[in-house]
Amino acid sequence: MTGCPGWRAAGITGRDVRLAAQHASNEVFNSVATAHDRDVWDVPVNSRCGESLMGKLTEDIAQLLAGVRRSGDFHVSGTLETLAPGLQVEGVGPVALPLLKEQAERLVSVARQAPFGRGSETLVDTDVRRTWQIDSGQVSLTGRTWADTLETIVGRVADGLSVDGQVSAELYKLLLYEEGSFFISHRDSEKRDGMFATLIISLPSVCAGGELVVSHNGREARLDLAVSDPSEVAFAAFYADCPHEVLPVVSGYKLSLIYNLWRADASTRQMPPDHSSERNALAARFRDWSEAGNPEDAEVPDKLVYPLEHAYTQASLSFSMLKGQDAARAAVLAAAAKDAECEGHLALLSMEEWGTAEYSGRYYGRGYEATNDDFEEGEVEERSCELVALQSLDGSDPEFDSLPLDDAELAPPDALDDVDLEVEFHEATGNEGATFERSYQCAAVVVWPRKHALRLLNQGGLDVTLPHLVDLAERWEAAGSGRESPLLAEARELVGLVLDFWPRSDWRAARLGDQVSVLLTTLGRLEDGLGIEAFMRDVSAAGAYAKSHNRSIVAALALLPRPNAEAAIESIVSGNVMRIPWACANLLALASMSEPALAPVAAATSLLEALRNGTVKVEGVVFDRMLRREGPGFVVDLLLGLGHADASLAM
């Protein structure tokens, strides 16, 4: 299967990404011009990643994740829209929800201080636990939907804790927390055979504080179960051996139903899934990857993509909605990425292929409505792979919505070799033969070292990188922190990447006038004269140039010493005079009217010689016909530019 280099594939020149490192410090920055003089080579950046390191890394990651089969965690929580239960308490009667202050006070009158266990003793100590407790025998829950609600919650808890077999819930007590209530860290005792976890259902009430904190093996989850909407309940469950505490209630009242969760088949003890060995091994590989990930190492991949197994739509894709084994592996990847200072995202992996199709012999001519069975797939002529709908695993907004994908970034590298593609055929029309399209989509976890952040940003294209560069320039100016600022170093690194992968195809140049303006203006704000020269020499002079760029170019040239500015004009004219001489003439004219005025004699001479020799051809149109097509504007620009450079040239 061939690679999917994305937007950089067509007509775009990649160069040694060493430029990014050179821009990172002032000392090395001074040698950028030397780096820009290197020969360029037309290979997409992801395709340059060496098979040795990339293959080893992606294969190792896939092998480690193969051992992660059991989903679930030591805790689970959520909310559920439902009708609140009919709650009755002996000695109080029906209790309205959300809980009213007057009824809370009546509940206190029939409750007792909740005890806690210490060894074989059951104690009451308000320095350890300050909570009101009502025994389950005093509580009645009614309502047509409550039984179904409880069953739904228990099902979600069983999935979240990865519990096999039938799970039952037994009401243990009703707890009331008021202002100042709390319970220090403790473990629940197993109150019956087969009990493995505790379930808390928080009923509607107005409350602040009182968060539940659950710990396990060095990890901690802080859960806010406050709900005030009468049509909603919140729940949390955790394995009984997990230390947990209730933080002090700041205001209001909190009313919670406490259930013991148990299994009839208690022959196998239920324990939280433990993937710490896989997590630690993954984190170690990610750290090695991050340390190896410098711009000079062409074998280091920018990112790693692990496809998931279940099907998800863009609307249903979220970390909390992952299913079974996908949830387990994504959780381990996310934890390992965080441990190793890497970024983790969810995304939809989208692959599309186009090509020619052939009739299979069942086609019956005009008037026959062909179906897919009448065609056979021919050769693939075009292929696109990208990651879309990216979501940060930590809930923060991603910096980009899509990224290109190369097969070599997949873990394992052959992950897409045997997937089932959806195929659609199209009958021949006019001069076009029969064609086919086939596509595949799956969810994936995407990981990259934070050190690679700018390289990943650059994969998003100019629509992503240029706004980020502008933002860096604005922040650097606002900070006033001088030439040694980390913001300036980051901006210089990004400039190197942007220049390195700027689209080099001449047919795209005319469409990039706005982007050229943004880049050159920002380079001026960054006082980056070397970057301006590099753009004009390696981009504009190389053919990625159009007349619409000229005003931005001339404005940027004002920041350069006069000899450098005139040399830049000469390189642009020399590189483009055979293709778009009218743009070159316009550049000379604008340069002659700039402040200070520029008079690049060598550039003017080069333009005039090309026109006099009759060697200029534009789409097969020779000079005299070009004059008729371009009109008097071309002649005016030509005479202005030539005359200012050297009056004798305009004669």
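The values are calculated or read from the model by the stated rules, or taken from the named source; none is laboratory data. Note that this is a predicted model, so its numbers are computed, not measured. No Cβ is skipped: glycine too gets one built from the backbone with ideal geometry, and neighbour counts run over all protein chains shown.
Identify, please: which residue in segment 112-133 is in a strand (DSSP E or B), within 48 Å of the chain's Cα centre (by Cα) and not small (G, A, S) and is, among those, modelled with the lowest pLDDT?
Among those residues, the one meeting the criterion is F116.
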- Message: Among the residues in segment 271-294, are any at pLDDT below 85, crowded, with 17+ Cβ neighbours inside 10 Å and under 20 Å from R187 (Cβ atoms)?
- Response: yes
Note on segment 560-613: residues charged (D, E, K, R) and either modelled with pLDDT of 85 or more or not in a loop (DSSP other than H, G, I, E, B) (or both) are R562, E566, E570, E609, R612
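Does R222 qualify as being out of contact with any Cys (no Cβ under 6 Å at 6 or more places or on another chain), exposed (fewer than 15 other Cβ atoms within 10 Å of the Cβ), free of Cβ contacts under 8 Å to residues at least 40 places away in the same chain and under 29 Å from R279 (Cα atoms)?
Values: out of contact with any Cys (no Cβ under 6 Å at 6 or more places or on another chain): yes; exposed (fewer than 15 other Cβ atoms within 10 Å of the Cβ): yes; free of Cβ contacts under 8 Å to residues at least 40 places away in the same chain: yes; under 29 Å from R279 (Cα atoms): yes.
For R222, the condition - out of contact with any Cys (no Cβ under 6 Å at 6 or more places or on another chain), exposed (fewer than 15 other Cβ atoms within 10 Å of the Cβ), free of Cβ contacts under 8 Å to residues at least 40 places away in the same chain and under 29 Å from R279 (Cα atoms) - is met.
Only one of these is among the basic types (K, R), assigned by TED's automatic domain parsing to the domain that holds V108 and touching a Phe, Trp or Tyr at 6+ places or on another chain (Cβ under 9 Å): R192, R187. Name it. Walk me through how you get there before you give the answer.
Numbers: R187 fails: touching a Phe, Trp or Tyr at 6+ places or on another chain (Cβ under 9 Å).
The conditions single out R192.
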The correct count of residues that are surrounded by fewer than 15 Cβ atoms within 10 Å (Cβ to Cβ) and in a loop (DSSP other than H, G, I, E, B) in segment 486-531 is 2
Checked against (1) assigned to a helix (DSSP H, G or I); (2) within 24 Å of V495 (Cβ to Cβ), G543 satisfies every condition except (1)
Residue hits (segment 438-464; under 14 Å from the mean Cα position of the chain (by Cα) and of a type in the set (S, T, N, Q)) are N458, Q459
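Is it true that A534 is in contact with a Lys or Arg (Cβ under 6 Å, 6 or more places away or on another chain) and farther than 30 Å from D339 by Cβ? Explain how you work it out, then say what you get.
Working: in contact with a Lys or Arg (Cβ under 6 Å, 6 or more places away or on another chain): no; farther than 30 Å from D339 by Cβ: yes.
Against the criterion (in contact with a Lys or Arg (Cβ under 6 Å, 6 or more places away or on another chain) and farther than 30 Å from D339 by Cβ), A534 does not qualify.
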Among the residues of segment 417-461, the number that are closer than 20 Å to E377 by Cα and of a type in the set (A, V, I, L, M, F, W, C) is 7
Would segment 436-450 turn up any residue that is surrounded by fewer than 23 Cβ atoms within 10 Å (Cβ to Cβ) and of a type in the set (F, W, Y)? yes
Expected output for segment 397-419 (first residue free of Cβ contacts under 8 Å to residues at least 60 places away in the same chain, partner of a type in the set (D, E), Cβ below 8 Å, 6+ apart or cross-chain) is S402/E386
Reported set for segment 485-533 where residues are of a type in the set (D, E, K, R) and within 26 Å of K451 (Cα to Cα) is E490, R492, E493, D500, R525, E527, D528
Condition set touching a residue at least 40 places away in the same chain (Cβ under 8 Å) and not aromatic (F, W, Y), scope segment 553-583, selection nearest to A542 (Cα to Cα): answer is R579
Scanning segment 63-106 for residues that are surrounded by 13 or more Cβ atoms within 10 Å (Cβ to Cβ), over 31 Å from the mean Cα position of the chain (by Cα) and assigned to a loop (DSSP other than H, G, I, E, B) gives T82, L83, A84, P85, V92, L97, P98, L99, L100
So, first residue in a loop (DSSP other than H, G, I, E, B) in segment 472-485, second residue surrounded by 13 or more Cβ atoms within 10 Å (Cβ to Cβ), Cβ within less than 6 Å, six or more apart or across chains; the pairs are S485/W476
Residue set G137, G160; condition out of contact with any Pro (no Cβ under 8 Å at 6 or more places or on another chain), within 30 Å of D265 (Cβ to Cβ) and at pLDDT below 90; output residue G160
